[in-house]
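For reference, the structure discussed in these notes is given below.
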Amino acid sequence: MSLKIQIEIKQSLEELEKAVKYATEASSKERLQMLYWLKSGQVTSRQALAERLGRDKATITRWLRKYKDGGQRGLLCVKRAPGKEPIVSGENLERLKQRLSEPQGFHSYSQIKQWLSTELGLNIAYKTVYQLVRYQIRAKLKVPRPQSTKQHPNSQSHFKKNFPSPSNSYKMNLAMEND
């Protein structure tokens, strides 16, 4: 048989009920639910709490210790790992964004990699540069449309002179309808 939990919960039932209702994270919601059940007397032992919440007794004990030490704020505080610092951040990231937005821009990711190395002193892998520019900054390279090597140099100007543009043909059709 489990021992009865000896803990003083400072919040009222109404406050806890409201907190459970408006909790946005699942982890916070189940921790607040635990406090609500203890305050209302629905559950009196760690074993019953563990079964109701689908958690281990050790987890319930850890949560109760957090509540005793830090109150509701301490219980709801979930520590997150800091993670790795971004390679390009702050002023360097802004300089890269500015350079990408310029009309001449970059023509290849290798060119960006080289610029990062010479200008900012950052030696970054090609794949990292690609992911940074394409997915985080959401920028595209300034590359002209491809042209055929077999294309005659004067054919483009000849085409523009002799073939009416869609806007011109539309205007001509309007003029003919009005006549």
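The values are calculated or read from the model by the stated rules, or taken from the named source; none is laboratory data. Computed from a predicted structure; not experimentally measured. Note that we place each Cβ from the backbone using ideal geometry, even for glycine, and neighbour counts take in every protein chain shown. What goes into the accessible areas is simple: the full protein's heavy atoms, side chains included, and nothing from ligands, DNA or RNA. Shrake-Rupley method; radii C 1.70, N 1.55, O 1.52, S 1.80 Å.
Computed quantities for the displayed model
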| quantity | calculated |
| --- | --- |
| Phi-based couplings in Hz for the range 84-95 (Karplus 6.51, -1.76, 1.60; Gly and Pro marked x) | 7, 5, x, 5, 10, 8, x, 5, 5, 5, 5, 4 |
| Loop trypsin sites (Lys or Arg not before Pro), the range 122-151 (other Cβ atoms within 10 Å of the site Cβ: 11 or fewer; DSSP) | 138, 140, 150 |
| GNM top mover of 31, 65, 145 - the chain, alpha-carbon springs below 10 Å | 145 |
| Percent RCO, i.e. relative contact order, over the chain, from Cα pairs under 8 Å lying at least 6 residues apart | 12 percent |
| For the range 1-137, diffusion coefficient by Stokes-Einstein and Kirkwood Rh (Cα), 4 °C, 1.567 mPa s, µm²/s | 68 µm²/s |
| Karplus-derived 3J(HN,Hα), 6.51/-1.76/1.60, for each residue of the range 19-29, Hz, glycine and proline x | 5, 5, 5, 9, 5, 9, 9, 5, 5, 5, 4 |
| Cα gyration tensor shape of the range 1-80, rounded if a/c is under 1.5, else prolate or oblate by comparing a/b with b/c | rounded |
| Dipole of the range 57-153, positive direction: furthest Cα of 87, 153, 118, with charges on the beta-carbon | 87 |
| Total charge dipole magnitude, the chain, about the Cα centre, Cβ charges on Lys, Arg, Asp, Glu only, Debye to nearest 20 | 540 debye |
| Average accessible area per residue (Å²) across the range 1-151 - probe 1.4 Å, nucleic acids and ligands excluded | 73 Å² |
| Computed [θ] at 222 nm, deg cm²/dmol, the chain (DSSP H ≥ 4; -39,500 (n - 2.57); rounded to nearest 500) | -17500 deg cm²/dmol |
| Charge context of residue 11, other residues only, Cβ under 11 angstrom, K/R +1, D/E -1 | -1 |
| ³J(HN,Hα), Karplus 6.51/-1.76/1.60, whole Hz, each residue of the range 118-124, x for Gly, Pro | 7, 7, 10, x, 9, 9, 10 |
| Residue-count net charge about residue 45 - beta-carbon cut-off 12 Å; Lys, Arg +1, Asp, Glu -1 | +3 |
| Rg(Cα) / (2.2 N^0.38 Å) computed for the range 73-119, rounded to two decimals | 1.83 |
| Per DSSP, loop GluC sites (Glu not before Pro) in the range 1-54 with at most 10 further Cβ within 10 Å | 8, 25 |
| Gaussian network model of the chain, springs between alpha carbon atoms under 10 Å - residue of 21, 113, 161 with greatest fluctuation | 161 |
| Summed side-chain charge close to residue 113 - residues other than residue 113 whose Cβ falls under 14 Å, Lys, Arg +1, Asp, Glu -1 | +2 |
